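Handing you this structure, nothing more for now.
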Number of protein chains: 4
Amino acid sequence: MSAETVTPAVDHYEAVKALGTSPLWQYFGELFAEAPKNQAVPYVWNYQALRPHMLHFAGALSLEEAERRVLMLVNPGMTEPPATVNSLYAGIQIILPGETAQAHRHTANAFRFIIEGEGAYTTVNGERVHMRPGDLLLTPGWHWHDHYHEGDGPMMWLDGLDYPLINALEAGFFQLYGQRSQPAERPDDISHRQFIHGRLNPLWIQPDPVNSPIGNYPWTETERALASIGDDADGSRYDGVLLEYTNPHTGGPVMPTISCRIARLRPGFNGAAHRHTSSTVYHVVSGSGRTEVDGEVLEWGEKDVFAIPGWVGHRHINGSRSDDVLLMSYTNEPVHRALGIYREEHLD
Amino acid sequence: MSAETVTPAVDHYEAVKALGTSPLWQYFGELFAEAPKNQAVPYVWNYQALRPHMLHFAGALSLEEAERRVLMLVNPGMTEPPATVNSLYAGIQIILPGETAQAHRHTANAFRFIIEGEGAYTTVNGERVHMRPGDLLLTPGWHWHDHYHEGDGPMMWLDGLDYPLINALEAGFFQLYGQRSQPAERPDDISHRQFIHGRLNPLWIQPDPVNSPIGNYPWTETERALASIGDDADGSRYDGVLLEYTNPHTGGPVMPTISCRIARLRPGFNGAAHRHTSSTVYHVVSGSGRTEVDGEVLEWGEKDVFAIPGWVGHRHINGSRSDDVLLMSYTNEPVHRALGIYREEHLD
Amino acid sequence: MSAETVTPAVDHYEAVKALGTSPLWQYFGELFAEAPKNQAVPYVWNYQALRPHMLHFAGALSLEEAERRVLMLVNPGMTEPPATVNSLYAGIQIILPGETAQAHRHTANAFRFIIEGEGAYTTVNGERVHMRPGDLLLTPGWHWHDHYHEGDGPMMWLDGLDYPLINALEAGFFQLYGQRSQPAERPDDISHRQFIHGRLNPLWIQPDPVNSPIGNYPWTETERALASIGDDADGSRYDGVLLEYTNPHTGGPVMPTISCRIARLRPGFNGAAHRHTSSTVYHVVSGSGRTEVDGEVLEWGEKDVFAIPGWVGHRHINGSRSDDVLLMSYTNEPVHRALGIYREEHLD
Amino acid sequence: MSAETVTPAVDHYEAVKALGTSPLWQYFGELFAEAPKNQAVPYVWNYQALRPHMLHFAGALSLEEAERRVLMLVNPGMTEPPATVNSLYAGIQIILPGETAQAHRHTANAFRFIIEGEGAYTTVNGERVHMRPGDLLLTPGWHWHDHYHEGDGPMMWLDGLDYPLINALEAGFFQLYGQRSQPAERPDDISHRQFIHGRLNPLWIQPDPVNSPIGNYPWTETERALASIGDDADGSRYDGVLLEYTNPHTGGPVMPTISCRIARLRPGFNGAAHRHTSSTVYHVVSGSGRTEVDGEVLEWGEKDVFAIPGWVGHRHINGSRSDDVLLMSYTNEPVHRALGIYREEHLD
């Protein structure tokens, strides 16, 4: 507008900075990229290499010192704050016979997927939920939970949480229960006994549209599902026989921010490639194989964990001619769908 | 009304009648009653008494003559058109070894609950669904279905349909398939193998928010659910351990107009009394007992069917000290809820 | 099965009848028709012919005698019980200056659409809602309502109710308030003042997902909407500029069983023909025209009411080259959609 | 930890770090805080101070150089990447007569709220949407939009976007249209003419459950709403007469990640204090007042913008005895609700 001959332009930049603003034109390309720029990189965590160190820390560090004894699986691209992929975190937790992990709750949603050991349980809002390898246990946001191990050997599991998302949204709360362990207030394992058996819903229980009421999706049920579906079902071109753990009151994901899944890649499965905005963490329950990621190859074996960031093209391959691969996974796809930003592209 | 001698009042009444109207004030109390007036009455159909006649008709009448060989369970208060309770119909169907019931479809939603016999199957939209006693098979509205019996003895089942509702809403269509039987186009029993096993949903299948995709809820799964829930679950004061068969994609009823349920009344169960606007048909899977209905007592035994009309106070009792009662039931409660007219009153 | 030589077959028919059953094969074609059989017929009610009789009854019959002074528009095909089309009822009500219609409530959902007169109001759950010609007033199920006329001339309106549906579902309750008129407990006309103005929702009001919170959709707003949309909007091939009155908390129909609508047929509008399972009642707000119904022609003029039963092919025509037709209508389409039985067929 | 002299503990820490992990116990308190730690601080941007600089840049920098000529309102606590509060961004944009801002689209959802000027329009997916002061224009995610100014003076508006959220979720895409301006393909301003007038929904338009179909919520309508609601409506204890701009097809927010609102604080309004996890940006449409924030006081005047981060207690005050305050605001509350993490606390 005005012709301001005396005052040099640089003053304006300083002036508007002092007024709490910045010129968008200096940031535009950075803020509006042609496609998403992921912080995370594709990565494999080797379980067998980590295991001895887990055992070491189990001996060296008490749960009283550690609150939870966990190695965080930190993506090389997401170290500060630590995360595994966008929105999601994975860790390997270990607890020894006789130990207890004290009761607390947090707004972050969490699950654990049991890798090895028996004889432990988690008390969730007053219900003791026992765990065996392959079980998926839920502790949705703001549910009290503590762990107790009455078995013999070390107990190890995969922890999955959405705290990177919850913290990014500045909605994280945390609280200690006030005593180390919750008393049992409901029959043991009642939540999954009431729901997990099939498609019959107890009508005396008030539906929870937000979180699944199921404390444990036992591996025996997961195996049974895979057997039931059999070899003649179609499956997905990308993920094989891909099943989602569901909230029985909605048919949707178990928690609003995390979809948990199990996939069976049949012998020789050579998946089609695709990419999507959502990010995924995989845990190899059994078998071994590889995932081709934008030209690179991730080799993975039993019990390993691997990360596929969003908008990275990927293809899963089970190279074995005889053995299934079973992949547990979890993803922030429900977040992308709820906010209208999920996008997928078929690459084959 | 007033006596008007010059222009007599009767003229106006005649005149408005000729114009297609009627005075509301002559009908008001009839149209707006203090509480619902049910056409149906509480009633028990005795299976053992009906059975020999079913067998007779099976011998005397071919399926070519009968389209479907069914005795309709007609409520004494709802004979024209025949119905079992408001909105709902029940019938007992029989099919003999080697017979086929030709393929047709209708907008009425239907299920069958198998009472006796083995070796038959229903083809539903190209999928063969095998049936055994206690199985619940769905044929949602406008799904092709035909029956075939390859077993030995007679096969008998309970048919449940909503044609009284569909016809009352003038939305009923019917169509013959054009050939007697549908070809099998999908793997046998694939729909329940993919879904019924637990709470894992196949992600390669497009969700159907209207009807359950499950062709059969087998009795083996129902028994397993009841065993899983066990003796320490609360259950409902009115109906004991009352479970609803659900659509895995919504957690809601299997079809939009019919909720199918199974209840376990533990030995000595003495239910609380209540009433609700929805109507219910019960089928006694095992055990015997009685239902107190507004002072009257309905005694029922194994395989019987009984009807509890809407807004009738009722209380279920299992008089046995040792045996469970298992009651399959179905109700139009989803209709009342969808339309905002469900009402319930606790009487104890 | 068994060879029963002595007992004649006729005994079996009698026997099963005595056991509360009927052979389906004797009813099959009647119960499962190829297409819906409507009770209602297409019909026009002539307002100008009815009006003098309405005035007569207004003088001859007090509201104390009549509860509500209404001529029911009874479809010639639906006289017992009286209804206008499937699920729905229409009536013309008259109230005189100084009269009150006493407070009551019923589970049937109701609206009134004002035809002539000014100065009356309805009190709905404690809010006085004033009425002027063209206004649409709601009294959803179980809302207290009474009428009071403080103006000069007679006040006449169209009543629309779903009692045929509610009674068919045996869910009808009725209650008197206990005193003739409700006290005013909220500011006059507050519900529409808070909502009707546009697309801004008051956040201090708890959403009602079942019924619209709006007491009155005033004609001034409806006219404004039609003017705003203008001549360059597409409109529907079948119904012209067809607008649905909505619940501001859902965007859906004002009540779960009734969709209320206003249509503008531009001069010369010659609609395409279609048919659908839902039934419709029309009220001609202004203009005149005709509807072709399966070969027959219904001629209608200002203030008339006409009925189009379900699954009847129909086409609306505005024969005028200069004047709009404005058609208010209401339909049970939400019921058909909620229950998964809505079907539509394009005939042009 | 234990002192292990032979195999020193530090080896294990190094070893697990090399394996891509970190001990959770070294991060626990940082990751799980008792309450959210906000990056943003409460802050006021002074419009009158910024305005001359905006005018300067308008003269000094062409739109060809700038893509968009905007000063970002960067929260002192959120400079890298720049954001205004958690999830949300605000900027002040200026465009001069005769200028065009070229057509592009992005997955970030955006709106503009016009501050001053007339004669410009935005073309959104082929529809020209004209703007006047107080208008709220939407450009939901992935909608093409370009700006054109045919008026006389400078045109300035507030831009609101969710790119901080979209980028944090790594779901951001950006695309140029390929030519500078979109051709007009629909009647001008048709989207708001069809919807904004009140509560009537065009039935020929396919509902969009994700984004509002309305291009512009004009100020004339907002004023009308405030006048319609009047002085006798309750309003909220915290925010006065607080109205949400809605999607007419759902009654929910205009876009899945942003709720836009207008509030009227009556003369002398002294709001109650509360806090919630969601974050809010306010723009003062008229009047002046202050917001008490955890002891601090933010003074704001007409056209200023101010930020209230999540979980910060706040209370709004209109100190004037005669004049209303009108506050436009937007918030990420829909995100918190969709993900089940919304929490609110009443402080008075």
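Grab the Cα-Cα distance for B:SER320 and B:GLU302, subtract it from 0.36 nm times how many residues apart they are, and report the gain in nm with one decimal.
5.2 nm is the gain from fully extending B:SER320 to B:GLU302.
If you take the charge dipole of chain D about its Cα centre, with +1 on Lys and Arg Cβ and -1 on Asp and Glu Cβ, which of D:PRO202, D:PRO36, D:GLN26 is farthest toward its positive end?
The Cα lying farthest towards the positive end belongs to D:PRO202.
What is the local net charge at A:PRO140, summed over the other residues whose Cβ is closer than 12 Å to its Cβ (Lys, Arg +1; Asp, Glu -1)?
It works out to a net charge of -1.
As a test of the formula, what do you get for chain C when each DSSP H run with n ≥ 4 contributes -39,500 (n - 2.57) and the sum is divided by the residue count, at 222 nm and rounded to the nearest 500 deg cm²/dmol?
-4500 deg cm²/dmol
To continue, here is another question. Mind checking which lysines have their C-alpha under 23 Å from B:LYS17, skipping anything on the same chain fewer than 8 residues away?
In chain and number order, the partners are C:LYS303.
What order, most packed first, do the peptides D:114-123, C:200-209 have when packing is the mean number of other Cβ atoms within 10 Å of each residue?
D:114-123, C:200-209
While we're looking at this one, here's another question. Can you sort B:ASP324, D:ASP234, B:ASP162 by solvent-accessible area, 1.4 Å probe, largest first?
The residues order as D:ASP234, B:ASP324, B:ASP162, largest area first.
Moving on. Tell me, in nm to one decimal, what length is gained between D:HIS346 and D:GLU64 on full extension, where the rule is 0.36 nm per residue of separation less the Cα-Cα distance?
Stretched fully, the D:HIS346-D:GLU64 segment lengthens by 96.6 nm.
Taking chain A as a Gaussian network, Cα atoms linked when under 10 Å apart, which of A:THR220, A:THR291, A:THR280 shows the biggest mean-square fluctuation?
A:THR220
Skip the ligands, DNA and RNA, and give the accessible area per residue of chain D with a 1.4 Å probe, whole Å².
With all protein chains present, chain D gives 34 Å² per residue.
Quick one: which residues, 5 or more positions from D:ALA110 or on another chain, have an amide H under 5 Å from its amide H? H modelled 1.01 Å from N in the peptide plane, none for Pro or chain starts.
Correct list: D:THR139, D:GLY141.
Separate question: Can you compute the charge dipole magnitude of the protein assembly as shown about its Cα centre, using +1 on each Lys and Arg Cβ and -1 on each Asp and Glu Cβ, nothing else charged? Give it in debye, rounded to the nearest 20.
40
For A:THR79 paired with A:SER181, estimate the spin-label separation in nm (one decimal), with each label point 7 Å from Cα along the Cα-to-Cβ line.
Between A:THR79 and A:SER181, the label points sit 4.0 nm apart.
Just tell me which aspartates and glutamates come within less than 18 Å, Cα to Cα, of B:LYS37; anything on the same chain fewer than 8 places away is out.
Those aspartates and glutamates meeting the cut-off are B:GLU80, B:ASP294, B:GLU296, B:GLU333, B:GLU344, B:GLU345, C:GLU80, C:ASP162, C:GLU170.
A follow-up question, please. Under a point-charge model restricted to the Cβ atoms of Lys and Arg (+1) and Asp and Glu (-1), what is the dipole moment magnitude of chain A relative to its Cα centre, in debye to the nearest 20?
The dipole magnitude comes to about 400 debye.
Another one. Could you identify which residue out of A:ARG193, A:ARG261, A:ARG112 has the top mean-square fluctuation in a GNM of chain A using Cα springs shorter than 10 Å?
Looking only at A:ARG193, A:ARG261, A:ARG112, the biggest GNM fluctuation is shown by A:ARG193.
In nm, to one decimal, how far is the modelled label at C:ALA272 from the one at D:TYR27, with both set 7 Å along Cα→Cβ?
Using points 7 Å along Cα→Cβ, the separation is 5.9 nm.
Enumerate by residue number the GluC sites (Glu not before Pro) in region B:141-238 meeting two conditions: DSSP loop (anything except H, G, I, E, B), and at most 15 other Cβ atoms within 10 Å of the site's Cβ.
Answer by residue number: B:GLU150, B:GLU185.
Give the angle, between 0 and 90 degrees and rounded to the nearest 10, that separates the Cα long axis of helix D:9-18 from the longest principal axis of the Cα atoms of chain D.
40
Follow-up question, since we're still on this one. If R0 is 25 Å, what FRET efficiency do you get for A:ALA35 and D:THR100 from their C-beta distance, rounded to 0.05?
That pair, A:ALA35 with D:THR100, gives E of 0.45.
Taking only Cα atoms and a 10 Å spring cutoff, compute GNM fluctuations for chain B and point out the largest among B:MET72, B:MET328, B:MET255.
B:MET72
Shifting gears a bit: In nm, to one decimal, how far is the modelled label at A:ASP11 from the one at A:ASN46, with both set 7 Å along Cα→Cβ?
With each label placed 7 Å out from Cα toward Cβ, I get 6.4 nm.
Roughly how crowded by other chains is peptide D:243-252, in terms of the mean Cβ count from those chains within 10 Å of each of its Cβ atoms?
For this peptide, the per-residue mean of nearby foreign Cβ atoms is 6.
Then there is this: Ignore the peptide's own chain and count Cβ atoms of other chains within 10 Å of each Cβ in C:81-93; give me the average, rounded.
2
Long-range amide H contacts for B:GLU118: which residues qualify at under 5 Å (H placed 1.01 Å from N, peptide plane, sequence gap of 5 or more or a different chain)?
B:ASP152, B:GLY153
So how tilted is helix D:219-229 from the main axis of chain D? Cα-based, degrees 0 to 90, rounded to 10.
80
Would the protein assembly as shown count as rounded, prolate or oblate if I go by the C-alpha gyration tensor, calling it rounded below 1.5 in a/c and otherwise prolate when a/b exceeds b/c, oblate otherwise?
Oblate.
Distance in whole Å from the B-onto-D rotation axis to the closest C-beta of chain B, together with the residue it belongs to, please.
B:PRO209, 7
Next question. Let me know the mean shielding of C:267-277 by other chains, meaning the per-residue number of their Cβ atoms within 10 Å of its Cβ.
1
Once both axes come from the Cα atoms, what is the angle between helix C:47-60 and the longest principal axis of chain C, in degrees from 0 to 90, rounded to 10?
80
The values are calculated or read from the model by the stated rules, or taken from the named source; none is laboratory data. Here the structure is a predicted model, which is why all the values come from computation and not from measurement. With ideal geometry, Cβ positions are generated from the backbone for all residues, glycine too; neighbour counts draw on all protein chains shown. Please note that ligands, DNA and RNA were not included when accessible areas were found on the heavy atoms of the full protein model with its side chains. Shrake-Rupley method; radii C 1.70, N 1.55, O 1.52, S 1.80 Å.
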